[in-house]
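Taking it in order: structure first as structure tokens, then the write-up.
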Amino acid sequence: MVQPHEPEFEQALNELATSLAPFLRAHPEYQKALDIVQIPERVIHFRVVWEDDQGRAQVNRGFRVQYNSALGPYKGGLRLHPSVNLSILKFLGFEQTFKNALTGLNMGGGKGGSDFDPKGKSDAEIRRFCVAFMTELSRHIGQDTDVPAGDIGTGGREIGFLFGAYRKMRNEFVGVLTGKGADWGGSYIRPEATGYGLIYYVEHMIARACPQRHFGVASTRVAISGAGNVAQFTALKVIELGATVVSLSDSRGSLICEEGFTKDVVEAIGALKLQGGYLEVHASFAPAGKYVYHADKRPWTLCGKVDVALPCATQNEVSADEARALIAAGVKIVAEGSNMGCTKEAIDIFEESRKAGGPGAVWYAPGKASNCGGVAVSGLEMVQNSQRLRWTPEEVDTKLKVIMTNCYKTCLENGEKWSGETLTGGVLPSLLMGANVAGFIKVADAMRAQGDWW
């Protein structure tokens with residue numbers, strides 16, 4: 001069923017199928033559910049024609065992959081980036097289906113976006129694109145049907161333009177998008193949620209695997225990739241707790257600080273990114289020798305000693321060689337803030353390290369579990385919209401912590417159950433296997449109850 005020109009989707013499907021192998025041997029009837037769930041319920045592909053500042057017509061491809069609605073309305077972000085294609089969006093929607101299941105909230109899985117690039121565009125051009133994009137997308141979404149959100153290239157500005165267009169086209173103010181502004185239907189903690197949730201999940205991993213490396217001590221060194229929303233708030237939470245952030249990165253290179261990034265520098269980088277800037281620009285203003293910029297390099301081989309590695313940029317950003325370099329640097333925990341941040345080869349290396357046990361073991365958490373905090377708070381935003389109320393930041397943060405704790409426990413319990421004979425001599429269970437099995441069972445059981453397979 002997999003198309004040869006869809007490598008990202010094939011990678012995600014193969015990962016799930018491999019993790020499910022022990023479960024399917026015990027419950028072969030679920031093979032039919034796997035055959036069915038891998039096919040999206042609906043794929044929408046459309047053109048987006050918009051006007052640039054010179055009055056010329058421009059055209060981009062628009063997509064919405066409505067993957068699975070067994071647990072609730074389709075839910076997943078809109079990515080605006082030149083790399084967007086159907087393979088990437090199918091992989092993201094497929095992963096989103098099981099990620100949303102792990103939150104415990106009633107959300108199905110979906111993903112969408114366009115190969116439009118907001119970088120280098122004026123606000124007026126972005127607004128005109130968003131209006132044109134929503135003109136078609138509005139036919140296919142709704143608060144009880146499909147509730148998109150932000151993603152790479154789609155921040156608060158774009159969500160505002162998209163929501164405004166939908167409101168005017170449909171003449172209704174409803175929670176059809178999440179990530180909205182706090183004064184017009186948004187939720188507190190939503191911008192921070194993916195990064196904060198990642199740290200709340202990793203705190204449980206550290207407590208189980210290496211309690212001496214907790215975030216409350218400056219000697220714990222944390223390598224982070226990316227410099228967007230997820231990376232920024234991940235870094236800020238680590239700094240707030242007391243550990244040392246030694247790296248950030250973007251598409252042009254990595255910024256390394258052996259002494260550790262400070263809150264004000266991370267916030268300055270956030271402001272720079274909102275203006276479309278790059279880390280190389282910030283590096284030119286940094287104190288000489290403290291912040292070192294490496295062009296065209298990812299941070300994983302540049303940081304010296306590393307205790308925790310958190311990929312927060314994009315898919316397949318940790319290679320096999322980089323995985324080996326992290327292990328050599330002493331890493332104990334690898335958890336994805338990005339979706340499918342590690343290549344299959346890198347994951348295999350981490351998992352083999354885990355199975356071997358001992359002081360060099362690495363514990364890996366897949367993005368569908370460790371980064372589900374973002375969509376979890378999107379789900380909480382949907383709840384608040386339905387009730388026409390707004391919870392305090394403290395209330396939302398408390399609920400986020402509970403969701404991430406429950407997600408970790410679910411992954412741990414299923415990993416312990418299905419990792420089998422490998423769990424001897426103190427070997428840690430596979431959170432990869434636990435996340436995939438738990439998410440799949442929940443979706444498959446809902447599909448069977450609704451007559452989607454038998």
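Below, the figures for the structure above:
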{"read-out": "Residues that are at pLDDT below 90, closer than 26 Å to Lys99 by Cβ and not in a loop (DSSP other than H, G, I, E, B), drawn from the stretch 419-432", "value": "Gly420, Thr422"}
{"read-out": "Hey, Thr405 exposed (fewer than 15 other Cβ atoms within 10 Å of the Cβ) and out of contact with any Pro (no Cβ under 9 Å at 6 or more places or on another chain) or not", "value": "yes"}
{"read-out": "Among the residues listed as Thr154, Thr135, Thr145, the single one being open to solvent by 50 Å² or more (accessible area, probe 1.4 Å) and within 25 Å of the chain's Cα centre (by Cα)", "value": "Thr145"}
{"read-out": "Residue within the stretch 244-256 that is assigned by the TED database to the domain that holds Asn316, in a helix (DSSP H, G or I) and within 23 Å of the chain's Cα centre (by Cα) present", "value": "no"}
{"read-out": "Residue tally, condition of a type in the set (Ser, Thr, Tyr) and open to solvent by less than 10 Å² (accessible area, probe 1.4 Å), over the stretch 166-223", "value": "5"}
{"read-out": "Wholly within the stretch 258-345, helices (runs of 4 or more DSSP H) carrying at least 2 residues that are buried (at least 19 other Cβ atoms within 10 Å of the Cβ) and out of contact with any strand residue (DSSP E or B) (no Cβ under 6 Å at 6 or more places or on another chain)", "value": "263-274, 320-328"}
{"read-out": "Test for Tyr364: is it within 21 Å of Glu15 (Cα to Cα), open to solvent by 10 Å² or more (accessible area, probe 1.4 Å) and either of a type outside the set (A, V, I, L, M, F, W, C) or out of contact with any Asp or Glu (no Cβ under 6 Å at 6 or more places or on another chain) (or both)", "value": "no"}
{"read-out": "Selection from the stretch 226-243 of residues that are part of a helix (DSSP H, G or I) and open to solvent by less than 10 Å² (accessible area, probe 1.4 Å)", "value": "Ala231, Thr234, Ala235, Val238"}
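The values are calculated or read from the model by the stated rules, or taken from the named source; none is laboratory data. A quick note: this is a predicted structure, and the numbers were derived from the prediction, not measured. So basically every Cβ, Gly included, is an ideal-geometry build from the backbone, and we count neighbours across all protein chains shown. Side chains are part of the model used for accessible areas, which takes the heavy atoms of the whole protein and leaves out ligands, DNA and RNA. Shrake-Rupley method; radii C 1.70, N 1.55, O 1.52, S 1.80 Å.
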